[in-house]
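One structure is given below, encoded as structure tokens.
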Amino acid sequence: MSAEKTGDAKILVGGIINCDRNFQLAQFIRSVKGLSHKNKKIVCIDNGSIKEFQRFYRHIEGIQFEKVESKSNEREAIVAAREYFRKKAIDEDYDWLLIVDQSIVLPENFITRAIATGRKIIPGLYFETASTNNANSKIITYLPNLFSFSGNDGKNVTVSRLSINDVLPSKTFEVDMAELKVIMLHKSILEKIGFVYQDNPLHGDIHFAMQCRKIQQKIAVDSGIVCRNNRAIVMDAFS
Amino acid sequence: MYANLGPNNETYTELRPVFSTWIDETQKEIRVVRNIGFQSVFPSRLMQICSGGMGCVLIAKDVLEKIFFRVEPEFKTFDDVFFYEDCYTKGIEPWLDSGVLCLHHYKPWAKELRAKV
């Protein structure tokens, strides 16, 4: 029986944080440290502007804080951090890599439930806040971070965001694409994919989804493990 | 857990989970309860609530032996209100698992139907 199935899987939890926006940090740190899976190592990459970033985290135990070489903008730094984690997970022979952004709060059983899906690419589900106009009032609704492709061969596809009713009731299901703020990857996937910086952040997610398609691996989501999105901005649902 | 479209204020209508709870222990003590909104029930977890809907609820046998479903003619509310009220008076704690999300085929009541309740 493999380690993944006995619950002893070796997990690298890679947090991408920014000490310039430390208002969300306490909740984030609590959530990664509170993950119920025991055999894990937590490493966080700080993308903030403060050079002496270690001072910020000196009281936090159980997490290793690092920095990647500086990039021209934060989104590029985020992609570099994802790549750093991917290579680290390969080099140090982890069974799984969980990458999570500072704005996400994970349920404590996230790793256990993600492994239990039996899939190899498992993004976490979270919701964005959206508003739509209805006569004289506005309706606030919530949209998942999941997308479907319509079109044929992967060259000219239309990307559409799923609606909340598409993810209910709680179930494990396949999607064409997900935003990558929280994603768990099996070691067998790590050498076959890579994170690439694109000008439009959505294009980075599309590129990742296309790579998954190329290696014939489905992206699977368990809508029974929902994360809190602390950066849920109000947007027009149909823009 | 399931959600309804409920009025937030005059200009907004919002998808809201059907339950109410306390913000903190102080409010629990004085029994001030509110609907805490959709995003606040995540990350998925087990949470103690004060009241909820009866659209989907799992009830243990020993609770069924203590509480019966009822409506009161003088109140324009459904049995859920009295169910959770009776739970409170009998010291039964209702809980909500926000990892169990239900699809709710919901339509707001027409005004004329609501008036007949």
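Here, each number is a calculation from the coordinates, and none is a lab measurement. Not measured: the values here are computed from a predicted model. FYI the Cβ positions are ideal-geometry reconstructions off the backbone, even for glycines, and counts take in every protein chain you see.
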Q: Among the trypsin sites (Lys or Arg not before Pro) in region B:50-82, which ones are in a DSSP loop with at most 14 other Cβ atoms within 10 Å of the Cβ? Mind listing them?
A: B:R70, B:K76
Q) Most fluctuating residue of B:P94, B:P17, B:P43 in a GNM of chain B with Cα springs under 10 Å: which is it? A) B:P43
(Q) Positive end of the dipole of region A:3-236, charges at C-beta (+1 Lys, Arg; -1 Asp, Glu), about the Cα centre: which of A:H203, A:S150, A:I139 has its Cα farthest in that direction? (A) A:I139
Q: Just check region B:10-104 against the gyration tensor rule for me: Cα atoms, a ≥ b ≥ c as the square roots of the eigenvalues, rounded for a/c under 1.5, and otherwise prolate or oblate depending on whether a/b exceeds b/c.
A: rounded
Q | Anchor A:K120: aspartates and glutamates whose Cα lies under 15 Å away (excluding residues fewer than 8 positions away in-chain) | A | A:E4, A:D95, A:E174, A:D176, A:E191, A:D222
**Q.** Estimated vicinal HN-Hα couplings, Hz - region B:79-85 in sequence order (Karplus 6.51, -1.76, 1.60; Gly, Pro = x)
**A.** 5, 4, 4, 6, 4, 6, 5
Q. Rounded to the nearest 0.05, what FRET efficiency do B:L103 and A:E69 have when you use their Cβ-Cβ distance and R0 = 45 Å?
A. 0.45
Q: May I ask which residue of A:W96, A:I122, A:I45 lies farthest towards the positive end of the charge dipole of the protein assembly as shown, with charges of +1 (Lys, Arg) and -1 (Asp, Glu) on Cβ and the Cα centre as origin?
A: A:W96
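Calculated from DSSP H runs of 4 or more alone, at -39500 (n - 2.57) each and per residue, what is the 222 nm mean residue ellipticity of chain A, nearest 500?
Working: 6 runs with 56 residues, N = 239.
For chain A, the value works out to -6500 deg cm²/dmol.
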Q | Cα gyration tensor shape of the protein assembly as shown, rounded if a/c is under 1.5, else prolate or oblate by comparing a/b with b/c | A | prolate
**Q.** Shape call, region A:155-212: gyration tensor on alpha carbons, a/c limit 1.5
**A.** oblate
Q. About its Cα centre, what dipole magnitude does region A:3-236 give when the only charges are +1 on Lys and Arg Cβ and -1 on Asp and Glu Cβ, stated in debye to the nearest 20?
A. 340 debye
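Mind checking the mean number of beta-carbon atoms from other chains within 10 Å of the Cβ atoms in B:39-50? Write out the running numbers ahead of the final one.
Values: counts 10, 1, 2, 14, 17, 15, 5, 0, 0, 0, 0, 0.
For this peptide, the per-residue mean of nearby foreign Cβ atoms is 5.
In peptide A:213-226, how many Cβ atoms from other protein chains are near each Cβ within 10 Å, on average?
2
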**Q.** Under 22 Å from B:K90, Cα to Cα: lysines that are on another chain or at least 8 residues apart
**A.** B:K28, B:K61, B:K66
Q.
Straight-line reach from A:K51: which lysines fall under 27 Å, measuring Cα to Cα and dropping same-chain residues less than 8 apart?
A. A:K33, A:K41, A:K67, A:K71, A:K87, A:K88, A:K181
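Any chance you could run the full-extension gain for A:Q216 through A:K87? It's 0.36 nm times the residue separation minus the Cα-Cα distance, nm to one decimal. Could the numbers behind the result be given before it?
Working: separation 129, 0.36 × 129 = 46.44 nm, distance 2.14 nm.
Gain on extension, A:Q216 to A:K87, equals 44.3 nm.
Go ahead and estimate [θ] at 222 nm for chain B from helices alone: -39,500 (n - 2.57) per DSSP H run with n ≥ 4, summed, over the residue count, rounded to 500. Walk me through the intermediate numbers first.
Values: 4 runs with 28 residues, N = 117.
When only DSSP H runs of four or more count, the value is -6000 deg cm²/dmol.
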Q. Using mean Cβ contacts within 10 Å as the protection proxy, how do A:161-168, A:69-76 order, highest first?
A. A:161-168, A:69-76
Q | Local electrostatic count at A:S170 - Lys and Arg +1, Asp and Glu -1, tallied over other residues with Cβ under 14 Å | A | 0
